[in-house]
Amino acid sequence: MNTRRDIRGNRAALFDGMEEGGIRASSSYSSHEIDEHDNERAMEGLQDRVILLKRLSGDINEEVDNHNRMLDRMGNDMDSSRGVLSGTMDRFKTVFETKSSRRMFTLVASFVVVFLVIYYLTR
């Protein structure tokens, strides 16, 4: 029931001042005569609404395209970071399998240094 009222309200807002057929009824005209002035005004109102809707749909399309590009970039960044992380994990596995304490210390120290350099560069 509420939805039916909303539809009627939206229709009334879109076609305010117009009756069925696109003309406003006037008491000085019979049902077969058309008041051209009212008809022209109604057509101008509809044309303005169509232009507004066209602009709005263009803006929505542009926003969707921007978001799609942003999501694609994020996906590519995630894929590249996943590759870097898996490479790092493979190196850690290699170090832990060899059990060389000097090699492990060198790897951990270089990892910490690289992390700190990246941290200070991005700040």
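For first residues located in the range 105-118 and within 15 Å of D90 (Cα to Cα), partners that are part of a helix (DSSP H, G or I) and lie 6+ apart or on another chain with Cβ distances below 7 Å form the pairs L107/R91; L107/V95. With respect to (1) modelled with pLDDT under 90; (2) in a helix (DSSP H, G or I); (3) not hydroxyl-bearing (S, T, Y), the lone exception for I34 is condition (2).
Here the condition is being surrounded by 10 or more Cβ atoms within 10 Å (Cβ to Cβ) and at pLDDT 90 or above; of D77, D72, it holds for D72 alone.
In this structure, L52 qualifies as at pLDDT 90 or above and open to solvent by 100 Å² or more (accessible area, probe 1.4 Å).
The values are calculated or read from the model by the stated rules, or taken from the named source; none is laboratory data. Fair warning: this is a prediction, and the values are worked out from it, not measured in the lab. Neighbour counts are summed over all protein chains in view; Cβ atoms, including those assigned to glycine, are modelled from backbone coordinates with ideal geometry. Accessible surface areas use protein heavy atoms only, side chains included; no ligands, DNA or RNA. Shrake-Rupley method; radii C 1.70, N 1.55, O 1.52, S 1.80 Å.
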